[in-house]
Amino acid sequence: MAHSPRTPGIVAGRLASDTLARNFADLHPPLDAHEARVAADRCYFCHDAPCMEACPTAIDIPLFIRQIATETPLAAAATILSQNILGGMCARVCPTETLCEEVCVRETAEGKPVEIGRLQRFATDTAMAQGPQPFSRAAPTGKSVAVVGAGPAGLACAHRLAMHGHDVVVFDAREKPGGLNEFGIAAYKSTGGFARAEIDWLVAIGGIELRHGQALGRDMSLDALHTQYNAVFLGMGLAGVNALGLPGSELAGVEDAVGFIGRLRQAEDLSSLAVGRNVVVIGGGMTAIDAAVQAKLLGAEHVTIAYRRGREAMKASRFEQDLAAEKGVTILTGVQPAGFFGDGAVAEVELAYTDGSGETLRLAADQVLMAIGQKLEGAPGALTIEGGKIIVTGAGRTSRAGVWAGGDCASGGDDLTVTAVAEGRDAAEDIHASLVG
Amino acid sequence: MTDLTTDFLGIKSPNPFWLASAPPTDKEYNVRRAFEAGWGGVVWKTLGEDGPPIVNVNGPRYGAVWGADRRLLALNNIELITDRPLETNLEEIARVKADYPDRAVIVSLMVPCTEEAWRAILPRVAETGADGIELNFGCPHGMSERGMGSAVGQVPEYIEMVTRWCKQNYDKPVIVKLTPNITDIRYPARAAHKGGADAVSLINTVSSITSVDLDSFSPEPSIDGKGSHGGMCGPAVKPIALNMVAEIARDPECKGLPISGIGGVTTWRDAAEFMALGAGNVQVCTAAMTYGFKVVQEMISGLGDWMGKKGYASTSEFVGQAVPNVTDWQFLNLNYVTKAKIDQDKCIKCGRCFAACEDTSHQAIWMKPGRVFEVNDSECVACNLCINVCPVEDCITMERMAAGSVDPRTGRTVTDDYANWTTHPNNPGSGCAAE
Ligand SMILES: Cc1cc2nc3c(=O)[nH]c(=O)nc-3n(C[C@H](O)[C@H](O)[C@H](O)COP(=O)(O)OP(=O)(O)OC[C@H]3O[C@@H](n4cnc5c(N)ncnc54)[C@H](O)[C@@H]3O)c2cc1C
Ligand SMILES: Cc1cc2nc3c(=O)[nH]c(=O)nc-3n(C[C@H](O)[C@H](O)[C@H](O)COP(=O)(O)O)c2cc1C
Ligand code: SF4
Ligand code: SF4
Ligand code: SF4
């Protein structure tokens, strides 16, 4: 091996390929058929189930679990997918510990919830392995809708519109569809090209055209879309990143965490991906955790998350924090970056305690990953925007008639894949009602 | 350690756990290992008359019913009696009995319904030194088509006749094993009693089809695409067996007739329940076939533990203790008024009690904001369904209403007096019906 975790600088190939393969295997391995039946048997089939209420897409969880228990995983998948067409991805990436599984009555009873996420994956994987989606298009309506953004919000919206017989064109600025499913989600959550396979399976319903390299604001305007199509849905996510403007931000090795993760997700060969020996991640959300854990799994010797408030204030769930700790990431709280130092390339990060003491400390760092939040970028100025989000009311209606928005770019709801799916789906129903009504 | 020594028909065994006549007792190798594991006795796999050995199917002979995590709830078999030569079995029985004088060895028998056939086999069994015989009048498949097994067990006159032949031609205890595949178990038990049986043992397997393959449309176990009914045993049949044991135990015409309890005994607790209902000992098959011979060790330690806690020095002290409490519906106290009560600290808010009561019973559970479930005493008939479906043990309890309080459902004052259906005003047969 050319390099080891102790090699200074940002280099590739710190770990052997088989170690890398093991490190980036499924975080929550799939259940086999027997395990799924055992796990399904634990569900009490609750009345007006609390888990169902906690799911942003309101999947009928007790029903699909019972369908697994009675050995009809395809029926279970249909139950899931009718509410959430990206049920496969959500099964992998949902922070279930703060959603459905958090309120599962077996969590209350014994601190061990029914494994809803893994059961959902079992059903959707089984269905996707067996063939096409269980939905078909209604008779064509002759109406067409433009969807901006091929992330979870845009895809869910496009699929539901297509089901209702509308023609949908999805524009995305990138060269590949999927949004953060493709470029953001941690590699150990969405393994083996799943994001792409899921999209191919989804668009097979027909009536959905994906156009790449088409950015709203650059290649087309909202006005143009509005005149050309009967309705517009914006699901453009948060394409920009926040900046701190600290001394040394321009040094080589200081970069945005989302970019690092995107490179990682697109890498054909993980051993060709460079990572620092001493990595410092700034932030306290899911992105910070994902960047830190993946840097560690790539072979960085020391990885430290520096977060300005306490652990309880971190946006990353307790489960995510524990995952980071388990992988060997150090979490420093109550510190914020004061500057980056080095000669051309970063060598040190200065952190200041946020307790007002004025004390600082310095950490060796040859790579600094900034995970201090994404921001809305390229949203049409004609829309009302507040707090960095396109303001929507009801099922995603923006301030402009005929334009809907959902997902991370729109107000309301958490910035989660499943929330984006719910908002895209609901906007589609509202668009459909307005088009046929 | 509590002494579990049991005397059944004068046959002593170190504990009341016998292996029932079945594959676990089909040969010397098995029985020796069973005794080494601790079983108190065995009823040898049923022997047939001398001649060409019995032929079994060569495909699967068991079907099954599973619960969560493939826990075996019931087995269903289409196996016949022993398919090994009579002489081989008799030699092995003699050797084993000689080596294990402290264990019970009973020989199960099934020969055609002629006195001659029984007279031929009984002396040969006697020569083995076995402690007694058990007449298999229970097997519901295969043998019954040949006029044996349950074909005899379903006709009380035959039971009485064959039992009498055996008592006349064999001088050790004769146990009659009964089939549950009849409408009233007391008739065959009475017949055995009249014929002079020393005891009855029950139940044999329940006629059943456990499942159907929905591709081949064959019942399971499937033999080349066809299946026949089999006999079901295991935990699922225990309630049927308990009731039948109790029916005999409290039947005046069977008074004094010892019972060996069989059917779904899986733990020490099952055994204690059978014995409380009047069984002098128990026989086990499915539990051993599921977990191996070692399972008896839990039965021994568990029963000893419980007896110790209760202060029983011998199994005979609790055998039959529950029999006086088994009665007929008409004698149940109708003035015993209870209401379900939900312990809010234990409740995990699953709502199963609500769904059950609201959809299928008496609309007596409220679902209040915040998923708080409470019983509405004005509607609760105390049916027990909520308790049965609640996943948390002791979360819902039945609380008896104190005498003097008013049942909000009926508006009647609760009394301590006992009153049953026989004297109820709504009963046309009771004295008070006229007015
Ligand atoms: C690193 C990271 C990890 C995450 N991990 C999780 C997780 O584990 N679980 C979870 O539930 N959520 C996670 N999230 C959040 C989740 O990914 C997002 O909430 C979700 O993807 C939002 O979906 P969306 O469709 O609104 O936006 P996106 O997924 O961001 O998709 C927006 C799409 O719009 C396109 N676009 C942007 N601007 C334009 C334009 N002007 N013109 C045309 N197209 C444009 C983009 O190229 C992109 O394809 C994570 C986020 C990040 C950043
Ligand atoms: C509480 C209860 C009461 C029942 N009452 C009757 C009855 O009055 N008449 C009847 O024919 N069957 C009655 N049954 C039997 C059921 O109709 C049914 O045959 C039986 O429960 C078996 O079906 P299942 O186990 O699939 O539910 C009753 C069952 C239950 C559980
Ligand atoms: S809360 Fe848990 S037990 Fe109840 S229905 Fe949902 S998954 Fe099943
Ligand atoms: S239990 Fe033994 S004899 Fe029976 S099928 Fe299995 S391997 Fe064969
Ligand atoms: S069934 Fe039991 S645990 Fe569930 S809501 Fe009712 S009382 Fe509570």
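Computed from the coordinates by the stated procedures, all read-outs in this text should not be read as laboratory data. Keep in mind that what you see is a predicted model, and the values were worked out from it rather than measured. Reconstructed Cβ throughout: ideal geometry from the backbone, glycine too, with neighbour counts over all protein chains shown.
Of note:
- Tensor-based shape of region B:52-195 (alpha-carbon gyration tensor, a/c under 1.5 rounded, otherwise prolate or oblate): oblate
- Value of [θ]222 nm, deg cm²/dmol, for chain B, DSSP H segments ≥ 4, -39500 (n - 2.57) each, nearest 500: -8000 deg cm²/dmol
- Altogether, the Stokes-Einstein calculation at 37 °C and 0.692 mPa s, with the Kirkwood radius of chain A over Cα pairs as Rh, returns a diffusion coefficient of 144 µm²/s.
- Mean partner shielding of peptide B:345-352, defined as the number of other chain Cβ atoms within 10 Å of each residue Cβ, is 6.
- Selection from A:VAL335, A:MET89, B:THR128, by position along the positive dipole direction of the protein assembly as shown (Cβ): A:VAL335
- Relative to the longest principal axis of the Cα atoms of chain A, the long axis of helix A:152-163 makes an angle of roughly 10 degrees.
- Dipole magnitude of chain B, debye to nearest 20 (Cβ charges: Lys/Arg +1, Asp/Glu -1, about Cα centre): 380
- Computed about its Cα centre, the charge dipole of the protein assembly as shown is approximately 140 debye, with only Lys, Arg, Asp and Glu carrying charge at their Cβ.
- Farthest toward the positive end of the dipole of region B:274-356, out of B:TRP306, B:TYR336, B:PHE354, is the Cα of B:PHE354, where the dipole comes from beta carbon charges about the Cα centre.
- Sorted by Cβ neighbour density within 10 Å, fewest at the top, the residues A:ARG263, A:ARG397: A:ARG263, A:ARG397
- Overall form of region B:6-325 per C-alpha gyration tensor (a/c, 1.5; a/b vs b/c): rounded
- Region B:6-68: translational diffusion in µm²/s, Stokes-Einstein, Kirkwood Rh over Cα pairs, 37 °C, 0.692 mPa s: 232
- The relative contact order of chain B comes to 13 percent, based on Cα pairs under 8 Å that sit 6 or more residues apart.
- As a proxy for reagent exposure, A:ILE80, B:ILE248 were ordered by neighbouring Cβ count within 10 angstrom, fewest first; the result is B:ILE248, A:ILE80.
- The largest-to-smallest principal axis extents of the Cα set in region A:33-130 are 36, 26, 22 Å.
- Cα centroid separation - region A:364-396 against region A:99-159, whole Å: 25
- Helix B:28-37 and the longest principal axis of the C-alpha atoms of chain B enclose an angle of approximately 40°.
- Between the helical axis of B:115-127 and the longest alpha-carbon principal axis of chain B there is an angle of about 80 degrees.
- Two-decimal Rg/Rh across the protein assembly as shown, once Rg and the Kirkwood Rh are taken from alpha-carbon atoms: 1.11
- Taking region A:33-130 and dividing mean pair separation by its residue count, relative contact order in percent (alpha carbons under 8 Å, at least six apart): 33
- A dipole drawn for the protein assembly as shown from +1 and -1 charges on Cβ atoms has a positive end, and of B:GLY51, B:ALA151, B:LEU202 the residue lying farthest that way is B:GLY51.
- When the pairs B:LYS97/B:LYS167; A:LYS112/B:LYS346; B:LYS310/B:LYS339; B:LYS97/B:LYS238; A:LYS296/A:LYS327; A:LYS112/A:LYS315 are compared against a 19 Å limit on Cα-Cα distance, B:LYS97/B:LYS167; B:LYS310/B:LYS339; B:LYS97/B:LYS238; A:LYS112/A:LYS315 fall above it.
- Percentage, to the nearest whole number, of Cα pairs in region B:1-118 over 16 Å apart: 67
- Each stretch of four or more DSSP H residues adds -39500 (n - 2.57); spread over every residue of chain A, this sum gives -10500 deg cm²/dmol at 222 nm.
- Listed peptides B:351-361, B:391-401, A:334-344 appear in the order B:351-361, A:334-344, B:391-401 once ranked by packing, highest mean of other Cβ atoms within 10 Å at the front.
- The order of B:MET232, B:MET148, A:MET128, going from fewest to most other C-beta atoms within 10 Å of their C-beta, is A:MET128, B:MET148, B:MET232.
- Cα extents of region A:143-262 along the three principal axes, largest first (Å): 53, 37, 17
- Rounded to the nearest 20 debye, the dipole size of region A:33-130 about its Cα centre is 240 debye, using +1 on the Cβ of Lys and Arg and -1 on the Cβ of Asp and Glu.
- Shape class of region B:237-318 from the Cα gyration tensor (axes a ≥ b ≥ c, square roots of the eigenvalues): oblate, since a/c reaches 1.5 or more and a/b does not exceed b/c.
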